[in-house]
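The structure appears below as structure tokens.
The values are calculated or read from the model by the stated rules, or taken from the named source; none is laboratory data. As the structure is a prediction and not an experimental result, all values here were calculated from the model. Don't worry about glycine lacking a Cβ; one is built from the backbone with ideal geometry, like all the others, and counts go over all protein chains shown. Keep in mind that these areas ignore ligands, DNA and RNA; they rest on the heavy atoms of the full protein, side chains included. Shrake-Rupley method; radii C 1.70, N 1.55, O 1.52, S 1.80 Å.
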Amino acid sequence: MPAKNALSILHSEKLFAEAVKLMPGGVSSPVRAFKAVGGTPLFIKEAEGCTLTDADGNTYIDYVASYGPAIVGHANERVVAALSKAIGRGSSYGAPTEGEIDLAEQIISALPSVEMVRFVNSGTEATMSAIRLARGATKRDFIIKCIGGYHGHADQLLVQAGSGALTHGTPSSPGVPESITSTTLSVQYNDLDAAKKAFEVNASNVAAFIVEPVAGNMGLVEPKEGYLQGLRDLCTQHGAMLICDEVMTGFRVAWGGAQVRYNFKPDITCLGKVIGGGLPVGAYAARRELMEQISPSGPIYQAGTLSGNPLAMAAGIATLEILKEEGAYDTLERQAAALADGLQAAADKADIPIALNRVGSMLCPFFVKEKGQKVTNYAEATNCDTQRFAKFFHAMLERGVYLPPSQYEAWFVGLAHDDEAIKATIKAARESFKSLA
Ligand SMILES: *Cc1c(COP(=O)(O)O)cnc(C)c1O
């Protein structure tokens with residue numbers, strides 16, 4: 001692993017040395033520390049469109065996109081205008097606002113399974129609250145999740161989790177009592193038989209199956225034909241709730257999300273990332289009869305001082321307005337496809353075996369060990385050459401392309417990735433793959 005970035009990053013190095021004294025790992029979220037790829041994390045000074053600029057003034061084409069939210073580009077002028085207008089009116093009131101109605105209306109009109117929404121402040125809060133709702137509504141305790149599925153960092157979901165928890169090899173975390181995770185069962189993603197068995201063994205005690213419809217925290221793994229509908233049927237058959245965690249995929253893989261793209265109907269949907277337009281937001285949503293069990297309509301408690309925050313609502317509404325325009329998702333699809341094709345061709349040319357998975361504007365090139373290997377589940381995803389990925393990551397960084405600093409994070413293409421940016425990325429990839437060969 002390269003010990004040092006080859007760029008001039010003196011300011012980032014200085015800031016990082018300060019940061020590690022003040023914050024664990026110098027960061028506010030683990031993957032940002034570059035542990036999986038080595039080197040010093042870059043401190044970002046500003047961002048615009050599809051680029052980031054670091055503290056030393058180096059500019060990069062960005063495929064992290066804040067891990068998904070920046071789908072319309074950084075500092076998009078319409079989002080900035082909406083935020084500027086909103087901030088002059090105060091940043092939080094602890095009272096209902098019209099913005100919540102506007103964003104709720106957009107979400108409800110886009111998702112056929114949804115009649116009501118509750119806003120929270122993060123994806124973690126959304127999944128945590130969705131599980132409380134499922135347990136409260138079914139009066140059952142068990143939940144089933146997928147191995148390598150990441151649903152935020154709530155105790156009950158930190159079992160065989162993906163994302164940072166995957167890269168850092170901590171499938172579950174110290175500080176999480178067994179008494180809490182003893183009701184969490186894990187099965188392989190894309191394995192309907194395993195799901196069936198888990199339901200059969202725990203017959204009448206399963207409150208919910210929670211799934212990332214497209215697994216986006218173990219790299220990127222697409223659902224097999226019939227998998228999501230199969231989960232839907234299993235949940236119905238066993239009286240359990242299907243919780244679709246669309247925190248990453250919501251308004252990312254289609255207007256609405258993966259449930260629209262793959263045409264299935266969950267009971268409860270979790271949202272976050274894109275619907276906040278880069279501000280801290282989450283939401284959970286379901287049909288009326290379920291949502292009315294949430295406090296104050298019903299007895300299931302859930303609250304938040306900053307929930308429905310007017311700035312977050314303004315950024316979310318402006319973002320969804322842009323995405324709703326004719327052709328937005330076609331553009332995302334086209335640009336991401338061009339990037340994926342270019343990456344594959346560049347890897348083939350350099351004789352580097354990769355398995356390139358893509359769903360809409362999310363993609364991930366897995367550095368598989370042999371040519372022709374596919375990645376369709378967690379076992380295959382974790383059988384990759386992560387050292388090689390780390391080298392590739394740094395080779396790309398040197399050439400002005402900022403990738404997620406782990407093999408197990410998805411890349412995000414946004415509306416600001418124009419032809420020029422895609423071309424430049426492919427050129428950098430050609431050189432980077434060559435440097436690995
Ligand atoms: C990012 C993510 C979360 C957690 O959201 P936070 O806002 O980081 O708490 C939950 N589920 C999925 C699928 C995610 O990608």
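Here are the numbers:
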{"read-out": "Set Lys197/Lys224; Lys224/Lys371; Lys224/Lys434; Lys224/Lys265 screened for pairs whose C-alpha atoms are more than 23 Å apart", "value": "Lys224/Lys434"}
{"read-out": "Inter-label distance, nm, simple model (7 Å from Cα along the C-beta direction), Gln293/Leu22", "value": "4.5"}
{"read-out": "Exposure ranking of Tyr402, Tyr378 by accessible area [1.4 Å probe, largest first]", "value": "Tyr378, Tyr402"}
{"read-out": "Sequence of Leu111, Leu7 when ordered by accessible area, the most exposed leading, probe 1.4 angstrom", "value": "Leu7, Leu111"}
{"read-out": "FRET efficiency, 1/(1 + (r/R0)^6) with R0 41 Å, evaluated for Lys197 and Ser92 via beta carbons", "value": "0.30"}
{"read-out": "Accessible area, probe 1.4 Å, largest first, for residues Phe366, Phe16", "value": "Phe16, Phe366"}
{"read-out": "3J(HN,Hα) from dihedral phi, the stretch 14-22, Karplus parametrisation 6.51/-1.76/1.60, rounded to Hz, x for glycine, proline", "value": "5, 5, 5, 4, 5, 4, 5, 6, 9"}
{"read-out": "Accessible-area value, His238, 1.4 Å probe, nucleic acids and ligands omitted, Å²", "value": "40"}
{"read-out": "Most fluctuating residue given options Gly277, Gly148, Gly230, as computed from a GNM of the chain linking Cα atoms under 10 Å", "value": "Gly230"}
{"read-out": "Potential lengthening between Asp351 and Glu178 on full extension [0.36 nm per residue; Cα-Cα distance subtracted]", "value": "57.6 nm"}
{"read-out": "Accessible-area value, Lys45, 1.4 Å probe, nucleic acids and ligands omitted, Å²", "value": "120"}
{"read-out": "DSSP beta bridges in the stretch 78-323 [antiparallel fraction, %, rounded to 5]", "value": "40"}
{"read-out": "Nonlocal amide H pairs with Ser186, under 5 Å, H built at 1.01 Å", "value": "Lys145"}
{"read-out": "Among Ile143, Ile180, Ile354: highest mean-square fluctuation, GNM of the chain, C-alpha pairs under 10 Å", "value": "Ile180"}
{"read-out": "Model label zone, Ser109; criterion: amide N under 20 Å from point 7 Å along Cα-to-beta-carbon; scope the stretch 244-288", "value": "250-261, 271-272, 274-277, 283-288"}
{"read-out": "Arg288 - accessible surface, heavy atoms, 1.4 Å probe, Å² rounded to 10", "value": "110"}
{"read-out": "Normalised contact order of the stretch 78-323, rounded percent, pairs of Cα under 8 Å and 6 or more residues apart", "value": "30"}
{"read-out": "Acute angle (nearest 10 degrees) that the helix 386-398 long axis makes with the longest principal axis of the chain, alpha-carbon atoms", "value": "60"}
{"read-out": "In Hz, Karplus ³J(HN,Hα) per residue of the stretch 138-151 (6.51, -1.76, 1.60; θ = phi - 60°; x = Gly, Pro)", "value": "8, 6, 10, 10, 6, 10, 10, 10, 9, 5, x, x, 10, 10"}
{"read-out": "Accessible area in square angstrom per residue, the chain, 1.4 angstrom probe", "value": "42"}
{"read-out": "Acute angle (nearest 10 degrees) that the helix 98-110 long axis makes with the longest principal axis of the chain, alpha-carbon atoms", "value": "90"}
{"read-out": "Hypothetical label at Ala81: residues of the stretch 301-323 whose amide nitrogen lies under 12 Å (7 Å Cα-Cβ projection)", "value": "318, 322"}
{"read-out": "Solvent-accessible area, 1.4 Å probe, carbon plus sulfur percent, for the stretch 78-323", "value": "52"}
{"read-out": "Antiparallel content of DSSP bridges confined to the chain, in %, to 5", "value": "60"}
{"read-out": "Backbone HN-Hα couplings from phi across the stretch 51-65 [Karplus 6.51/-1.76/1.60, Hz, Gly and Pro as x]", "value": "10, 10, 10, 8, 5, 9, x, 6, 10, 10, 7, 9, 10, 7, 6"}
{"read-out": "Separation of the Leu306 and Ser29 label points, Cα + 7 Å toward Cβ, nm", "value": "1.3"}
